Amino acid sequence: MFLPPNSDVRYRSKYLACKQWKRPLQEFIHDLRFLAANINDEESLPEFLRVAVYMDGLDQGPARTQLFRAYPDTFEEAVRIALSESVSSSFAHARADSSDMNVSMFTQALDDRTCFNCGRPGYFSRACPVPSRVGVNRAYLTRFLPCRARYTLASSSERST
(Lines give C-alpha, C1' and ligand atoms only; values in the text may rest on other atoms or scores of the structure.)
Protein backbone atom coordinates (compact mmCIF):
# COMPACT_ATOMS: atom_id res chain seq x y z
CA MET A 1 0.00 0.00 0.00
CA PHE A 2 1.36 3.37 -0.98
CA LEU A 3 0.77 6.21 1.41
CA PRO A 4 1.36 9.88 0.69
CA PRO A 5 4.49 11.41 2.17
CA ASN A 6 4.14 12.62 5.75
CA SER A 7 1.11 10.38 6.31
CA ASP A 8 2.33 9.59 9.84
CA VAL A 9 2.51 13.28 10.66
CA ARG A 10 -0.98 13.86 9.27
CA TYR A 11 -2.56 10.98 11.15
CA ARG A 12 -0.72 11.86 14.37
CA SER A 13 -1.88 15.48 14.22
CA LYS A 14 -5.47 14.34 13.55
CA TYR A 15 -5.20 11.93 16.48
CA LEU A 16 -3.91 14.60 18.85
CA ALA A 17 -6.68 17.02 17.80
CA CYS A 18 -9.51 14.46 17.92
CA LYS A 19 -12.48 15.40 20.13
CA GLN A 20 -15.80 13.69 20.74
CA TRP A 21 -17.95 16.82 20.27
CA LYS A 22 -21.53 15.61 19.91
CA ARG A 23 -20.75 12.20 18.45
CA PRO A 24 -21.59 8.95 20.19
CA LEU A 25 -18.85 7.45 22.35
CA GLN A 26 -18.49 4.39 20.10
CA GLU A 27 -17.88 6.57 17.03
CA PHE A 28 -15.24 8.60 18.87
CA ILE A 29 -13.46 5.40 19.98
CA HIS A 30 -13.61 4.03 16.43
CA ASP A 31 -12.03 7.20 15.02
CA LEU A 32 -9.20 7.12 17.57
CA ARG A 33 -8.50 3.45 16.86
CA PHE A 34 -8.51 4.08 13.11
CA LEU A 35 -6.11 7.01 13.38
CA ALA A 36 -3.78 5.10 15.72
CA ALA A 37 -3.75 2.09 13.38
CA ASN A 38 -2.69 4.28 10.45
CA ILE A 39 0.39 5.59 12.26
CA ASN A 40 3.31 3.39 11.21
CA ASP A 41 5.74 4.62 13.85
CA GLU A 42 4.21 3.34 17.10
CA GLU A 43 6.93 4.98 19.18
CA SER A 44 5.65 8.42 18.17
CA LEU A 45 2.34 7.70 19.90
CA PRO A 46 3.09 6.08 23.28
CA GLU A 47 0.35 4.51 25.39
CA PHE A 48 0.21 7.27 28.01
CA LEU A 49 -0.30 9.85 25.25
CA ARG A 50 -3.12 7.80 23.72
CA VAL A 51 -4.84 7.64 27.12
CA ALA A 52 -4.37 11.38 27.71
CA VAL A 53 -5.76 12.33 24.28
CA TYR A 54 -8.73 10.01 24.78
CA MET A 55 -9.55 11.40 28.21
CA ASP A 56 -9.11 14.99 27.06
CA GLY A 57 -11.27 14.48 23.98
CA LEU A 58 -14.29 13.11 25.84
CA ASP A 59 -17.31 15.32 26.41
CA GLN A 60 -18.31 16.21 29.97
CA GLY A 61 -20.31 13.37 31.43
CA PRO A 62 -20.26 10.30 33.63
CA ALA A 63 -17.72 8.45 31.43
CA ARG A 64 -15.19 11.28 31.63
CA THR A 65 -15.72 11.67 35.38
CA GLN A 66 -15.17 7.96 35.98
CA LEU A 67 -12.01 7.98 33.84
CA PHE A 68 -10.51 10.81 35.86
CA ARG A 69 -11.28 8.89 39.05
CA ALA A 70 -9.64 5.66 37.87
CA TYR A 71 -6.96 7.09 35.51
CA PRO A 72 -6.22 3.89 33.54
CA ASP A 73 -2.79 2.83 32.28
CA THR A 74 -3.78 1.64 28.80
CA PHE A 75 -6.05 2.94 26.07
CA GLU A 76 -8.11 -0.27 25.98
CA GLU A 77 -8.66 -0.12 29.74
CA ALA A 78 -9.84 3.48 29.39
CA VAL A 79 -12.24 2.45 26.62
CA ARG A 80 -13.61 -0.39 28.76
CA ILE A 81 -14.18 1.92 31.74
CA ALA A 82 -15.86 4.61 29.65
CA LEU A 83 -18.14 2.19 27.81
CA SER A 84 -19.22 0.43 31.00
CA GLU A 85 -19.91 3.78 32.68
CA SER A 86 -21.94 5.07 29.73
CA VAL A 87 -24.01 1.86 29.66
CA SER A 88 -24.66 1.95 33.40
CA SER A 89 -25.62 5.64 33.30
CA SER A 90 -27.97 5.01 30.39
CA PHE A 91 -29.70 2.28 32.43
CA ALA A 92 -29.95 4.63 35.39
CA HIS A 93 -31.61 7.31 33.27
CA ALA A 94 -33.72 4.95 31.14
CA ARG A 95 -37.33 5.87 30.70
CA ALA A 96 -40.30 3.58 31.16
CA ASP A 97 -41.08 1.18 28.35
CA SER A 98 -43.94 1.96 26.02
CA SER A 99 -45.62 -1.23 27.23
CA ASP A 100 -45.93 0.35 30.67
CA MET A 101 -48.02 3.22 29.35
CA ASN A 102 -51.58 3.63 30.49
CA VAL A 103 -54.00 2.11 27.97
CA SER A 104 -56.69 4.63 28.87
CA MET A 105 -54.69 7.30 27.05
CA PHE A 106 -55.39 5.57 23.73
CA THR A 107 -59.06 4.92 24.38
CA GLN A 108 -59.57 8.54 25.38
CA ALA A 109 -58.23 9.72 22.02
CA LEU A 110 -60.70 7.48 20.18
CA ASP A 111 -63.63 9.04 22.05
CA ASP A 112 -62.76 12.50 20.71
CA ARG A 113 -63.63 11.57 17.13
CA THR A 114 -65.92 14.05 15.40
CA CYS A 115 -67.35 13.77 11.90
CA PHE A 116 -66.34 16.65 9.66
CA ASN A 117 -69.34 15.99 7.44
CA CYS A 118 -72.24 16.21 9.90
CA GLY A 119 -70.46 17.38 13.06
CA ARG A 120 -71.62 14.48 15.25
CA PRO A 121 -69.20 12.83 17.68
CA GLY A 122 -68.26 9.16 17.55
CA TYR A 123 -67.05 8.56 14.00
CA PHE A 124 -65.11 10.12 11.15
CA SER A 125 -66.57 11.47 7.92
CA ARG A 126 -65.55 8.38 5.93
CA ALA A 127 -68.01 6.34 8.05
CA CYS A 128 -70.72 9.02 8.14
CA PRO A 129 -74.25 7.77 7.30
CA VAL A 130 -75.30 11.26 6.13
CA PRO A 131 -74.58 12.00 2.44
CA SER A 132 -71.46 14.11 2.03
CA ARG A 133 -71.99 17.82 1.70
CA VAL A 134 -70.48 19.83 -1.09
CA GLY A 135 -69.21 23.31 -0.29
CA VAL A 136 -68.69 24.88 3.12
CA ASN A 137 -68.66 22.48 6.03
CA ARG A 138 -70.22 24.23 9.03
CA ALA A 139 -68.90 21.68 11.53
CA TYR A 140 -65.37 22.41 10.32
CA LEU A 141 -65.87 26.15 10.56
CA THR A 142 -67.34 26.06 14.06
CA ARG A 143 -64.68 23.71 15.38
CA PHE A 144 -61.47 24.98 13.82
CA LEU A 145 -62.20 28.52 12.73
CA PRO A 146 -64.01 30.18 15.65
CA CYS A 147 -63.54 33.70 14.28
CA ARG A 148 -65.43 32.81 11.07
CA ALA A 149 -68.11 30.98 13.02
CA ARG A 150 -69.18 34.28 14.61
CA TYR A 151 -70.34 35.53 11.25
CA THR A 152 -73.35 33.85 9.76
CA LEU A 153 -72.86 32.46 6.32
CA ALA A 154 -75.35 33.60 3.77
CA SER A 155 -77.22 30.94 1.89
CA SER A 156 -77.13 30.88 -1.90
CA SER A 157 -80.57 32.58 -2.12
CA GLU A 158 -79.42 35.40 0.19
CA ARG A 159 -76.22 35.96 -1.80
CA SER A 160 -78.06 36.57 -5.06
CA THR A 161 -80.09 39.47 -3.61
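I'd like the full set of residues that are within 25 Å of SER84 (Cβ to Cβ) and hydrophobic (A, V, I, L, M, F, W, C), limited to region 6-44.
Keep residues of region 6-44 that are within 25 Å of SER84 (Cβ to Cβ), which gives 15, 18-37.
Matches in region 6-44: CYS18, TRP21, LEU25, PHE28, ILE29, LEU32, PHE34, LEU35, ALA36, ALA37.
Quick one: is VAL9 modelled with pLDDT under 95 and of a type outside the set (S, T, N, Q)? For VAL9, the condition - modelled with pLDDT under 95 and of a type outside the set (S, T, N, Q) - is met. Mind checking which residues of region 70-120 are more than 20 Å from the chain's Cα centre (by Cα), acidic (Asp, Glu) and at pLDDT below 85? Passing the criteria: ASP100, ASP111, ASP112. For the criterion of being over 28 Å from ALA36 (Cα atoms), out of contact with any Ser or Thr (no Cβ under 7 Å at 6 or more places or on another chain) and modelled with pLDDT under 80, ARG126 fails. Within region 2-48, the set of residues being of a type in the set (Lys, Arg) and either surrounded by fewer than 18 Cβ atoms within 10 Å (Cβ to Cβ) or not assigned by TED's automatic domain parsing to the domain that holds GLY61 (or both) comprises ARG10, LYS14, LYS19, LYS22, ARG23, ARG33.
The values are calculated or read from the model by the stated rules, or taken from the named source; none is laboratory data. Since this is a predicted model, take the numbers as computed values, not measurements. Backbone-built Cβ (ideal geometry, glycine too); neighbour counts: all protein chains shown.
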